[in-house]
Amino acid sequence: MILAITALAHDKMASPQPRVTSESTAQFCGAGNAAVGQPSGSVIQGTNLPVRWDGNHATGNVNLYLITPVANPTQAILNAGVLAQNVPYKTGGSPSASVPVPADKEPGLYTLVWEWSGYWACAEIYVTIQPPEGSTLASGSYNVYNLPDGRGTLDAAAGTVTCADGYKPNGDNTDCVSKAAAGVAIGVFFLVLIVVGVAVVAGTVIYMKKKHPEKLGMCNGSA
């Protein structure tokens, strides 16, 4: 009975999945000071990150930090990576929160640090760019997307693409475009330039004929 009461007296982050399942008041990332773990979630820049905890209590506030991956962060590192502070322990009766992630947060791997009443837990998550419409997360991944129509894959945390045959990276390296379509677009661009050039020359000749026919004659070599 004593052990059961002790367990209920504590609390910890439940999702994203933390590095370790035992909380700690002595170490920022939980009992055992576990090393940086495998990613257990992701969030797109400018969207909300859902965070859930056990909910063994009814009062207090939760603080959340998003920092460069580290085994056991210092308070100074945490202060530089504040994501949300004084989040009500239960919002609408649920031990969870949906926390905005800044739109300008650099994509990459981060450590999410959760703290309540001196208890700590850490989880590794990706911050990613917005993938192209119609993309789907690759099986077992939090950051790699399958692009539509079999165009290739996007690592949305690194901002790199791997394109299938017949495709190549677009200008900002966030999607794959058809090589044939790209070639046609370049051809159309140069064709437009040629048409515009011919139109300018023709317009100039017409203007000279109307306003300065004598100069046009000189250009043609006539007396």
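What follows is calculated from the coordinates using simple rules that are stated; it is not laboratory data. Please read all numbers here as calculations on a predicted model, not as lab measurements. Every residue, glycine among them, receives a Cβ derived from its backbone with ideal geometry; neighbour counts consider all protein chains shown.
The table that follows gives values for the structure above.
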| quantity | calculated |
| --- | --- |
| P(r) of segment 57-135 over all Cα-Cα pairs, binned every 10 Å from zero, in whole percent | 16, 46, 28, 8, 1 |
| Those GluC sites (Glu not before Pro) in segment 62-159 that DSSP places in a loop and that have at most 12 other beta carbons within 10 Å | 133 |
| Charge context of residue 160, other residues only, Cβ under 12 angstrom, K/R +1, D/E -1 | -3 |
| 3J(HN,Hα) from dihedral phi, segment 13-19, Karplus parametrisation 6.51/-1.76/1.60, rounded to Hz, x for glycine, proline | 5, 10, 8, x, 4, x, 4 |
| Residues listed by number, segment 115-132, amide nitrogen under 17 Å from residue 85 label point at 7 Å toward C-beta | 115-119 |
